[in-house]
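K.L.:
Below are the structure tokens for one structure; questions will follow.
The values are calculated or read from the model by the stated rules, or taken from the named source; none is laboratory data. Bear in mind that the values here come from a model prediction, so they are computed numbers and not experimental data. Neighbour counts are summed over all protein chains in view; Cβ atoms, including those assigned to glycine, are modelled from backbone coordinates with ideal geometry.
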Amino acid sequence: MLRRIINLVFRRRHYWRSASFDEVAELYVSRIIMVFAINMINLFAAVYLYKLGYSIVFIAGLYAALYLMKVPASVLIAKYAAYYGPKHGILAANIIRIPAMIAFAFVPEYGIPAVIVFGVLQQLSAAMYDMCFTIDFSKVKHALHAGKEIGTMSIIEKFAKMLSPLVGGVIATIYGPHTLVVIACVLFVVSALPLFRSVEPTPTRMKLKFSGFPWRLSRPTLLSESVVGFDFIASGVVWTLFVALFIFGQLGDSVYSALGALASLGVLVSMVASWTFGKIIDRRKGDVLLASGTYVNVLLHLFRPFVSTPAGVVGVNMVNETATSAYAMPFLRAVFDVADNSGSRITYMMFMQMTLNLGSALACALLALGAWLLGERSGLMLIFFVAAAYQLIMLTSTRQAK
């Protein structure tokens, strides 16, 4: 049914495609289900671990180790995608998430061993899914109208992100996090099924190509991708912990539904912006959009430590979603352009995954160090200030975002 709706809404607007629209529709359907499943769990994972008695130093240190683990794992994932194809990689990633979710459900009973199993499998699955999905989308998107398709994908993701934290928060509050695990496991499998209505978009039985890799062309986006990873931790894990502990700390288990509702409000505002941003990108004004989003995000990070009310959280979430879309969408267009021109699509995406996780690992390591030396609240606040400065690296990709 989702696929029929997407075809009815978007097919007439995509008559110019040289590839089958079904290939993009399949990605849209798969993505909305996957994002829904992921965000039901991810938003609350760190808060859940903290409520079970694990310190911020432990949580941040564990996350840092897991993100570092994903750097060498990216090579194996890229080889798998090159040999079997990105769609098979997405299916494998979704299957790996199921034992990860089961381990998450047993954290209260088995403690650190279950946390480690959950973390390792969850992060490996995330790395495989992100790389394979990006490879697939970069191949089937239309070169001249990529902005529209990125905008559509962004709207679909935001729709899922708007509903999933709210639904997940209510379920976690009423029935407990264990129920979320069962629902998420089903959705992980279902999300991969639409992709296999068509063949793999890239040749299979291939090997990674390192000889002649275009480092000069790729360097700006590779460097900027570490910003995406750092900002993901600052705006996601760190901000969620800060809000849960120091703004909604008195709510008890109701904090899950409160966090979900506020996250959904923030996403709702940015959905309209995503469509407009896609058109701006196709008009070759992506560099202006990227710079504007970057500067707004810098100011927002500087403002986060001083938020103390639910109204302030709502405002930050709204601005954050819009500002992130403003810099992330033209940057993603630049990434796809580099992938198309590199002659080494999968190898390039592998290096992008590496720098993404290095940025996330750096943020987590700084959080662990800051919380250990300065205390939990000051450690969280420190990351926001560092993120503001680190965000400026994104400007190195301005020229490629045109």
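K.L.:
Tell me, which residue of segment 353-402 that is among the hydrophobic types (A, V, I, L, M, F, W, C), more than 20 Å from GLY236 (Cβ to Cβ) and within 21 Å of the chain's Cα centre (by Cα) is surrounded by the fewest Cβ atoms within 10 Å (Cβ to Cβ)? Outline the logic, then answer.
P.N.:
Step one: list which residues in segment 353-402 are among the hydrophobic types (A, V, I, L, M, F, W, C), which gives 354, 356, 358, 361-369, 371-374, 380-389, 392-395, 401.
If we keep only those that are more than 20 Å from GLY236 (Cβ to Cβ) too, we end up with 372-374, 395, 401.
Narrowing the set further to residues that are within 21 Å of the chain's Cα centre (by Cα) leaves 395, 401.
Numbers: LEU395: 19, ALA401: 28.
This residue is LEU395.
K.L.:
Please list, ordered by first then second residue, the pairs with beta carbon atoms under 7 Å, 6 or more apart or interchain, first in segment 207-227 and assigned to a loop (DSSP other than H, G, I, E, B), second among the small types (Gly, Ala, Ser).
P.N.:
Close Cβ pairs satisfying both conditions: LYS207/ALA82; LEU208/ALA78; LEU208/ALA82; LYS209/SER344; PHE213/SER344; PRO214/SER342.
K.L.:
Any chance segment 249-271 includes a residue that's assigned to a helix (DSSP H, G or I), at pLDDT below 85 and within 30 Å of GLY343 (Cβ to Cβ)? Steps first, please.
P.N.:
So the first thing to find is which residues in segment 249-271 are assigned to a helix (DSSP H, G or I), and the list is 249-271.
Next, only the ones that are at pLDDT below 85 stay: 249-271.
Restricting the remaining residues to those that are within 30 Å of GLY343 (Cβ to Cβ) gives none.
No, because not a single residue in segment 249-271 is assigned to a helix (DSSP H, G or I), at pLDDT below 85 and within 30 Å of GLY343 (Cβ to Cβ).
K.L.:
Just to verify a result, which residue in segment 62-96, among those that are hydroxyl-bearing (Ser, Thr, Tyr) and over 16 Å from LEU362 (Cα atoms), is surrounded by the most Cβ atoms within 10 Å (Cβ to Cβ)?
P.N.:
SER74
K.L.:
I've got another one for you. Check whether at least one residue in segment 382-394 is over 26 Å from PRO220 (Cβ atoms), hydrophobic (A, V, I, L, M, F, W, C) and either modelled with pLDDT of 95 or more or in contact with a strand residue (DSSP E or B) (Cβ under 7 Å, 6 or more places away or on another chain) (or both), and report yes or no.
P.N.:
yes
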